[in-house]
Amino acid sequence: MTTVFSSSGLRVGRLFRRETGLSCMVAFDRTLLAGPVEHAIDARRACEAIVAAGPEAVLLSPGVLKSCGDLFADNRAPKVVLRIDYPMVGDFTLTGEEHHRMIATPAQAQAMGADAVVMCLISGYDDPGREADNLEAVAEAARQCEAIGLPLIVEAVVWGSREGGRLDGERIARVARIAAELGADLVKAQFTGEAEEMRALADSCPVPVLVLGGAAMNDDEALARFTRDALASGARGVIFGRNAWQREDATAGVEQLIEIVHGT
Amino acid sequence: MTTVFSSSGLRVGRLFRRETGLSCMVAFDRTLLAGPVEHAIDARRACEAIVAAGPEAVLLSPGVLKSCGDLFADNRAPKVVLRIDYPMVGDFTLTGEEHHRMIATPAQAQAMGADAVVMCLISGYDDPGREADNLEAVAEAARQCEAIGLPLIVEAVVWGSREGGRLDGERIARVARIAAELGADLVKAQFTGEAEEMRALADSCPVPVLVLGGAAMNDDEALARFTRDALASGARGVIFGRNAWQREDATAGVEQLIEIVHGT
Amino acid sequence: MTTVFSSSGLRVGRLFRRETGLSCMVAFDRTLLAGPVEHAIDARRACEAIVAAGPEAVLLSPGVLKSCGDLFADNRAPKVVLRIDYPMVGDFTLTGEEHHRMIATPAQAQAMGADAVVMCLISGYDDPGREADNLEAVAEAARQCEAIGLPLIVEAVVWGSREGGRLDGERIARVARIAAELGADLVKAQFTGEAEEMRALADSCPVPVLVLGGAAMNDDEALARFTRDALASGARGVIFGRNAWQREDATAGVEQLIEIVHGT
Amino acid sequence: MTTVFSSSGLRVGRLFRRETGLSCMVAFDRTLLAGPVEHAIDARRACEAIVAAGPEAVLLSPGVLKSCGDLFADNRAPKVVLRIDYPMVGDFTLTGEEHHRMIATPAQAQAMGADAVVMCLISGYDDPGREADNLEAVAEAARQCEAIGLPLIVEAVVWGSREGGRLDGERIARVARIAAELGADLVKAQFTGEAEEMRALADSCPVPVLVLGGAAMNDDEALARFTRDALASGARGVIFGRNAWQREDATAGVEQLIEIVHGT
Amino acid sequence: MTTVFSSSGLRVGRLFRRETGLSCMVAFDRTLLAGPVEHAIDARRACEAIVAAGPEAVLLSPGVLKSCGDLFADNRAPKVVLRIDYPMVGDFTLTGEEHHRMIATPAQAQAMGADAVVMCLISGYDDPGREADNLEAVAEAARQCEAIGLPLIVEAVVWGSREGGRLDGERIARVARIAAELGADLVKAQFTGEAEEMRALADSCPVPVLVLGGAAMNDDEALARFTRDALASGARGVIFGRNAWQREDATAGVEQLIEIVHGT
């Protein structure tokens, strides 16, 4: 069989550290959905602190990329993962209604300098028609990403009013697999904390799984344990947001996370 | 009359074995709708097992084609039939609501390496407006397939809440004919088990009819009988999924099916 | 005033026989909506029988054109009129809901070899918003047909739940005129059987009116009388379906109809 | 300041008579909405009669332009103003529901030979969402007209179920100004009959206002008075339909109107 | 790090006075929504008066730009900021229903001569689905503006029936930040009158904030205090409408405002 060159494969590879085969990404897109939150009032200062620590990549909104693009205009700077959708699950409208909208196409994201893009596939909307629209939007983005060789990270999650607060490993593995079948290059998924559920998730998902963080735990030891457990059970890395930067010294927080991911 | 060259005719021909005029295809798109299911947890291993048996073609989701494309990058490998729609009839949303969405255009499928595409025409949705949208999507895909010479297989089925569990031969023949009138190059249809209904279906459908399998029977003799009955009554082949690979030795399962189709 | 060349005018002319100025067309698109019906189970055989009689044109679905295109690939063969819409008025969904969808654009129809296209303008839907959408689709097709010089036949009919079974000459003339105002090159309309209503319809419609047939009468004398009455009162031809071919000898049926139209 | 050339300005100028600075247009688009009406049964004969009188322009539907285009293919013939929308306010569907649809784009109208286009901006729909859609369609047409230098006449009217039969000068002036702010080159508006309301309307509208006629008054003296009052109070011309041609001698009717507009 | 040239950055710079780093803009788009209002009956005269005072820029509707474009065709004339949306929050339809529509694309605005564009992001619609559509439209305009180097000003406001008459500083800062995250180059926001709320808003918004004016105060001293308070707490300028021109001498009103902004 001949070797096939794939530009998006090349770019997926650049999101991982060769020595460990893992990736430590920082999500700094919380303010897109929630507005100014603690330790992210000044978007640029927070961004500088994150970049200084040197994670593999940072998740940004289009606006923050525009304000802080120069921080990433450097040979060794973290890669830019641009969020291209706006998942409203109880947040923006402050009404509880669940909506999903696109805020950039893959081609627009690439034109802005993105090295990869991220969007949600949410299982659990109260209106199944919106769920179907979300799924269609993921497929459409996947096809467009393939055409321009841009990696697509799908945040495949079990959220929404039909799910309530449950964290069901089987449901998570199901939506992760569907995201991969639709064409995601990487999947960002919830880790229930149960090692065997992480293993089942990683084993049944044909593309690398990165674990998301959620609300700040404010407990570094618990965070380290959570991270190591996920990686030990098949996760290929993390995409943490508030657990990385929502603290007094964001650089230290991200450095500590990098150490956990790559140093162990 | 002059002979007319048709690129999609050429490609339809390549889906059949010249000696028998029949086609044995394997559907491996179940996990797109249902997530990881038994014997398909590891998508690549299952795919390797299927390919090893050498069916005429394999039905895949875009994501599995991306993960396993190299298995098909070979002169004698099975052809790739890409699923370009996402039929939600009680499955994805887990709510019972019926929706239908596209996940690739024919041109995108062809760009990904597909030799043919498959999509559903479903008769029986509870909301007739969605049925009408499905029909329009089939027609649109047919026109686009014609423009690029790509064969379109329409899975013309009687499903959905308006139908319940019925398996009505007349209704099946009706939707199959309508699929062909809309421009399908091949029709994938349900076989009720009644030989005369298969004959009526094949006789009234102006394009070749391939029979689908459904849930695993776990009874190889019944499966063989079912297959031979269909072929004896006019079916031009089969597209079986779980009945082919959902077993300990998927390669053996597919080889046995090929033997039934072409060896008799 | 200078003479203006119009490619769609040229093509409209080719749908009529110069000697009589009339047109005898056969509609073979019933199976698109109803699936296999008596005497049309084998689409190709029915099509061969119709073509053998030599009408001016035959109305086909995209799928039948694909299966039987070779029958029309001849200098003297009937012209191909492709149906480009799918009017659901109690038919496809079998639920009674009324929907309307497009199944080809004029440009796609032309690329497939169509000499003209036909679509419905239906007055009487229970949902006036769908009626408005239908009207907009007719206008859009008319503009596209003009751009590529393809004749558009609008089947301007009073159907649907708001109309019930009425056959009101004034309403028919109204929708026919509106179809012509929107840009139809030819109008296919219902004939109530009343000569003065046909005359009023023909006089108030700025483009030629062709009469449609409806369900098989199974009475050749009544059919001949119906046809002659329409032509004597201003109709420029007929587009008959089941009354032409739904019989043992379809060729004879169509030949007889041609004789009535052109021989009198 | 330099002089700026504007192709749509040039074409707007051609709709007015230089000597008087006024315009006398005839609206012959009634049959698009209402089907055959008295004195317009034969579209071509009515059109010939109107053209013979020599108004500045005639409003036509796409279909009538196609049937009668040769009448306008002459150096001195009236200009063609094509209606590009279909306002359903109690008319087409005969149900009372209010809908609005486009039947041509400005570019399609220009390709058909139109010298200007006309469409409605209706204030008073029972469904404000449809009102918003209408407004958006006007803005979109304005932008497209600017791109191709085609004058856009907006019929800015207070109609619909929310307004009832009222004829409120303030409301009329409001919608006329909004039409101009959206980018109309000319506004076609209702004249309440009150001189000071016409003056207020003309003064507050930054583009020329042409007065519409409505149902036939069947009283030539009243019509002349109505027309002179409007022009004396700032109207830059008229666009009359049934009051011009719905009579035994349409040519005389239009000639009389031209005399009133330009001769006084 | 290399210096990066950005055409939209260059154009944003031109909207500010270099000496003070501030911008004094005049909004003259009220009549687009409300029709003729006092002191804006004659659009051109009002526009001339505003331009004569020499603010940095004037907000206009497409129609007024077409009527008064020559006033801006001058080396030293104010820049043109074109409104490209139509926010209906209790205004146009006069029914209380809230709708949002686009009236120009950024590319169309640029073709018309706009130096920047403005549109609303409204938090508080009664229907959250419309809020989501508004947000998507802002993101889409932002991406298109980036592609053509045109500055986008987002009017990020807390309006609508879900908000009532409240003026909540935290909510205002939230929607301003979200506007910037979506990609606004400048934000136009409400000032509650509380200095610390203005400071929090300016500090948490990564792009310059311009303060809007609202209804005429008819109290020049209060207006000056309001303006100085905003600027002292971080606002980078003002976009005032009725408070600038809705008075006997509009030129004097705007000159006075410029003096307050730049002279202090």
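Any read-out appearing in this document is the output of simple, stated calculations on the displayed coordinates, not a laboratory observation. Since the structure is predicted, the reported quantities are computational estimates derived from the model, not experimental observations. With ideal geometry, Cβ positions are generated from the backbone for all residues, glycine too; neighbour counts draw on all protein chains shown.
What to note about this one:
- Across the identical copies, the label point of D:E259 (7 Å from Cα in the Cβ direction) is separated from its matches by 6.3, 6.3, 10.1, 10.1 nm, in order from shortest.
- Only Lys, Arg, Asp and Glu carry charge here, each on its Cβ (+1 for the first two, -1 for the last two); on that basis chain C has a dipole of about 640 debye about its Cα centre.
- Closest-to-axis residue of chain A (Cβ criterion, axis taking A to C), whole Å: A:G129, 10
- Our Cα-only numbers for region E:52-136 put the radius of gyration and Dmax at 15.0, 45 Å.
- Computed E for A:E259/C:S7 - FRET, C-beta separation, R0 56 angstrom, nearest 0.05: 0.15
- Peptide-level mean, for E:63-74, of C-beta atoms on other protein chains within 10 Å: 4
- Mean projected area (nm²) of the alpha-carbon convex hull when region E:156-264 is viewed from all directions: 6.9 nm²
- Under 13 Å from the Cα of E:K188 - aspartates and glutamates, other chains or at least 8 residues apart: E:E155
- For chain A, the mean residue ellipticity at 222 nm estimated from helices alone is -12500 deg cm²/dmol, where every DSSP H run of n ≥ 4 contributes -39500 (n - 2.57) and the total is divided by all residues, rounded to the nearest 500.
- Of the Cα atoms belonging to region A:13-157, the radius of gyration and Dmax stand at 15.5, 46 Å.
- Scoring A:166-172, B:82-88 by mean Cβ neighbours within 10 Å over their residues and listing the highest first yields B:82-88, A:166-172.
- Mean partner shielding of peptide C:99-108, defined as the number of other chain Cβ atoms within 10 Å of each residue Cβ, is 5.
- Alpha carbon centroid spacing (whole Å) that separates region C:200-239 from region E:1-76: 65 Å
- Rounded to the nearest 20, the size of the Cβ-charge dipole of region B:31-132 about its Cα centre is 380 debye, with Lys and Arg at +1 and Asp and Glu at -1.
- The aspartates and glutamates within cross-link reach of D:K79, meaning a Cα-to-Cα straight distance under 13 Å and a gap of 8 or more places when in the same chain, are D:E56, D:D70, D:D115.
- Peptides C:221-230, E:238-247, B:181-190, ordered by how many other C-beta atoms sit within 10 Å of their residues on average, highest first, read B:181-190, E:238-247, C:221-230.
- R0 of 35 Å, Cβ-Cβ distance C:E196-B:A111: FRET efficiency to nearest 0.05: 0.05
- Equivalent ellipsoid dimensions for the protein assembly as shown as semi-axes, Å, which come from the Cα gyration tensor, largest first: 52, 52, 22
- With each label modelled as a point 7 angstrom along the Cα→C-beta vector, the E:D126-E:R44 pair spans 4.2 nm.
- For region A:3-77, applying the loop criterion from DSSP together with a ceiling of 13 other beta carbons within 10 Å to the chymotrypsin sites (Phe, Trp or Tyr not before Pro) yields A:F5.
- Fraction of alpha-carbon pairs over 16 Å apart in region C:95-135 - percent: 46 percent
- Entry for chain C at q = 0.12 Å⁻¹: log10 I(q)/I(0) = -0.67, Debye formula applied to identical alpha-carbon scatterers, no solvent contribution.
- Placing R0 at 25 angstrom, the Cβ-Cβ distance between E:E221 and D:D203 gives a FRET efficiency of 0.15 after rounding to 0.05.
- When each full DSSP H helix of chain B is screened for a Cα extent of at least 24 Å along its own axis and an average Kyte-Doolittle hydropathy of at least -0.5, the helices passing are B:128-148.
- Shielding by partners, peptide C:182-189 (average Cβ within 10 angstrom, other chains): 3
- Here the ratio of the Cα radius of gyration of region E:100-211 to 2.2 N^0.38 Å is 1.05.
- Sparse packing (at most 10 other Cβ atoms within 10 Å of the Cβ) combined with a DSSP loop state is found for the following GluC sites (Glu not before Pro) in region A:1-91: A:E19, A:E38.
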